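See structure below.
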Amino acid sequence: MNTKNDSFPLHLLENIKLHPENYRLLEKIPLTIEGVDTHFPIILNPPLEGEKTYSVVFLDTETTGMDARRNRIIELGMVKATFSLDRKLLISVDRYYDEFEDPKTPIPEEISKLTGITDEMVKDHCFDDEMVARFLSGRPLVVAHNAAFDRPFFEERFSNLRSLSWCCSLKEIMWKDYGFGSGKLEFLNIMSGYFYEAHRAYVDCLALLWLMYIYPKAFANLIVSARTPTYKVVVKGNTYKFKDNLKQKDFRFDAGVDKSWSRVFTSLKDAEEVRSMLLDTYLDTDTVFEVNIIERDAKTRYKLTS
């Protein structure tokens with residue numbers, strides 16, 4: 001998207017007036033306008049006297065690859081905000097952290113093209129571990145728009161911060177229920193009438209925070225999800241004979257080392273019923289497999305080992 005000052009089609013104003021149904025106007029996310037980040041805190045909703053408040057940190061990483069054990073974070077962005085635990089509503093944007101770190105190896109060309117981050121930009125930069133720990137003090141809820149990606153990278157780099165509570169705005173919000181065909185962050189904002197220049201990780205965090213502000217029900221659902229345990233049913237072994245049945249029941253195949261099928265349930269009863277059905281229906285001398293139920297919560301979801 002061209003966002004230069006001269007890119008707005010002023011010559012089309014008359015056409016827009018005549019046929020507004022043929023055009024869509026995008027507004028830059030107010031929180032990402034130059035200079036706004038120097039005026040924190042920013043009040044989004046007035047607090048109510050006596051209500052319980054809690055901190056939330058929106059977090060985003062840029063990395064040298066997809067493998068949290070082999071690749072490294074080259075940029076860490078975080079935005080800290082306050083929300084009402086009673087109303088499940090964002091109250092204020094408080095401060096941000098954004099910094100590069102030198103991975104000590106050349107950044108792959110495809111990563112530089114994707115992120116815009118070059119070796120020169122990260123050279124000799126290093127995350128301040130104490131500053132990151134202070135930013136996350138008070139044990140805030142951490143929100144990422146793909147926590148299954150960001151959490152493993154973050155915890156590999158900051159091993160002393162592995163007990164935080166995380167939730168995922170990509171997987172734990174049913175964006176299709178809000179009329180969206182995709183959960184991609186930029187798409188969600190554009191379809192909501194907003195754009196942003198994603199030149200730094202913390203700007204992506206602000207873009208996510210803005211979505212949570214303009215869709216308060218989605219944020220409320222996310223908070224409920226973060227406080228609700230889930231139950232992952234994992235099927236390992238000889239599943240060839242009933243793999244089509246697993247697909248029909250929305251199980252997903254993991255082609256990793258364990259080569260397992262899994263599905264997440266919010267009800268332990270539902271998870272146990274599916275486990276019993278699979279064992280009673282398919283387990284025999286020719287089809288040997290195991291079905292385990294793994295309980296997870298915000299402290300354990302999206303960890304590398306989960």
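Read the figures in this text as sums done on the coordinates, not as results from a lab. Nothing here was measured: the structure is a model prediction, and the numbers come from that model. Glycine also receives a Cβ, built like all others from the backbone with ideal geometry; neighbour counts cover every protein chain displayed.
Summary table
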quantity: Cross-link reach list, aspartates and glutamates versus Lys299, counting only Cα pairs under 20 Å and skipping chain neighbours closer than eight places; calculated: Asp60, Asp150, Glu155, Glu156, Glu172
quantity: Rg followed by Dmax, in Å, when segment 137-279 is reduced to its Cα trace; calculated: 17.8, 51
quantity: All aspartates and glutamates inside 18 Å of Lys249 as judged from Cα atoms, apart from same-chain residues fewer than 8 positions distant; calculated: Asp270, Glu272, Glu273, Asp280, Glu290
quantity: Computed over segment 230-296, Kirkwood Rh from alpha-carbon pairs, angstrom; calculated: 11.9 Å
quantity: Lysine pairs meeting the criterion (Cα under 14 Å, 8 or more apart or interchain), as found in segment 10-226; calculated: 6
quantity: Degrees between helix 147-157 axis and first principal axis of the chain (Cα, 0 to 90, nearest 10); calculated: 80 degrees
quantity: Globularity index of segment 10-226, i.e. its alpha-carbon radius of gyration over 2.2 N^0.38 Å; calculated: 1.08
quantity: Likely footprinting exposure, Ser182, Ser262, fewest C-beta neighbours within 10 Å first; calculated: Ser182, Ser262
quantity: Estimated [θ] at 222 nm from DSSP helical runs (n ≥ 4, -39500 (n - 2.57)) normalised by residues in the chain, nearest 500; calculated: -8000 deg cm²/dmol
quantity: Relative contact order computed over the chain (Cα-Cα under 8 Å; 6+ residues apart), in percent; calculated: 18 percent
quantity: Degrees separating the helix 216-226 axis from the principal Cα axis of the chain, which is the longest one; calculated: 40 degrees
quantity: Segment 202-285, relative contact order [Cα under 8 Å, separation at least 6], %; calculated: 28 percent
quantity: Between 0 and 90°, nearest 10: helix 201-214 axis offset from the chain longest Cα axis; calculated: 80 degrees
